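A short write-up of the structure that comes next.
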Amino acid sequence: MKNWKEEGLQLVALIYIVEDDENIREIEMFALRNTGYEVQGFDCTSAFYARLKERLPSLVLLDIMLPDEDGLEIVKKLRYSARTRRIPIILVTAKTSELDMVKGLDIGADDYITKPFGVMELISRVKALMRRTQDMQEERLIRLESIFMDDEKRAVFVNDVPVELTFKEYELLKLLLLNAGIVVSREMILDRVWGTDFEGESRTLDMHIKTLRQKLGTAGTMIRTVRNVGYMLNGEK
């Protein structure tokens with residue numbers, strides 16, 4: 001998703017605002033730009049859809065009550081498309097009933113804010129959702145020196161060369177990567193990867209560690225045995 005713009009050493013998030021009320025749209029755009037975001041506003045869905053084809057945003061701030069299309073229908077369309085389904089969405093609505101809020105979240109919106117709202121509340125909600133989204137994206141792309149894992153595609157590379165792993169080998173490597181530099185106990189590995197703490201599985205674990213090291217090649221030495229405790233994935237030496 002190409003939704004970040006490089007500015008020196010910074011990455012600026014792009015936010016699309018779909019709001020037909022010009023005064024509200026201008027306030028939202030001004031507040032978010034002053035916070036450091038790149039912002040583009042739209043007063044109708046046709047212009048919004050056209051821009052989506054050119055560039056995807058980091059987040060969409062979407063009014064429910066639009067003149068040409070209901071905001072909830074827009075959410076459904078964005079979630080239906082593989083290209084846009086992961087875009088974070090905050091609904092902006094004058095409706096205050098719990099039922100309306102729940103309906104918006106159920107169909108795929110990530111958060112909501114009700115009118116009238118304060119600028120600080122808007123900024124706070126946008127920042128919180130951006131943090132959550134960024135954390136999720138970072139967890140899907142995991143790198144430790146020569147090892148790279150794309151968890152969304154369930155793909156592993158060592159020095160940019162693809163490595164074929166079995167399901168258990170992949171889950172084992174993922175657990176070690178997410179806990180890089182930390183000793184992961186045998187009990188935790190058996191529980192998280194095999195769904196059991198049965199000691200009889202210990203030999204199975206040892207065999208999987210052995211084959212995983214072999215498949216990772218030179219990077220396999222990064223998996224270290226901590227005697228009587230478990231295993232740790234650490235940087236190459």
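The values are calculated or read from the model by the stated rules, or taken from the named source; none is laboratory data. Computed from a predicted structure; not experimentally measured. Counting neighbours? That spans all protein chains shown, and the Cβs are built from the backbone with ideal geometry, glycine included. When the accessible area is computed, the model is the full protein with side chains, heavy atoms only, and any ligands, DNA or RNA have been set aside. Shrake-Rupley method; radii C 1.70, N 1.55, O 1.52, S 1.80 Å.
Quick notes
- Mean residue ellipticity (222 nm) of the chain, computed from DSSP H runs ≥ 4 via -39,500 (n - 2.57), nearest 500: -12500 deg cm²/dmol
- Here's the picture: a label point sits 7 Å out from the Cα of Arg224 along the beta-carbon direction, and within region 165-183 the residues with their amide nitrogen under 16 Å of it are 176-177, 179-183.
- Relative to the longest principal axis of the Cα atoms of the chain, the long axis of helix 45-54 makes an angle of roughly 40 degrees.
- Dipole magnitude of the chain about its Cα centre (Cβ charges: Lys, Arg +1; Asp, Glu -1), debye to nearest 20: 1020
- Inter-label distance, Met130 to Asp150: 2.6 nm, where each label sits 7 Å from its Cα along the C-beta direction.
- Annotation: per residue accessible area for region 39-96 equals 44 Å², rounded to a whole number [probe 1.4 Å, protein chains only].
- Cross-linked pairs Lys153/Lys215; Lys76/Lys115; Lys127/Lys153; Lys103/Lys174; Lys77/Lys174; Lys76/Lys168: Cα-Cα separations exceed 25 Å for Lys127/Lys153; Lys103/Lys174; Lys77/Lys174; Lys76/Lys168.
- Residues Met65, Met120, Met149 ordered from highest to lowest accessible area at a 1.4 Å probe: Met120, Met65, Met149.
- Tilt relative to the chain, helix 22-35 - C-alpha long axis, 0 to 90 degrees, to 10: 40
- Relative contact order (percent, whole number), the chain, Cα cutoff 8 Å, 6+ residue spacing: 12
- Relative to one another, the C-alpha centroids of region 170-194 and region 34-95 are positioned 39 Å apart.
- Potential extension, Glu73-Ile123 segment - 0.36 nm per residue separation minus Cα distance: 15.5 nm
- GNM flexibility winner over the chain from Gly195, Gly181, Gly36 (Cα, springs under 10 Å): Gly195
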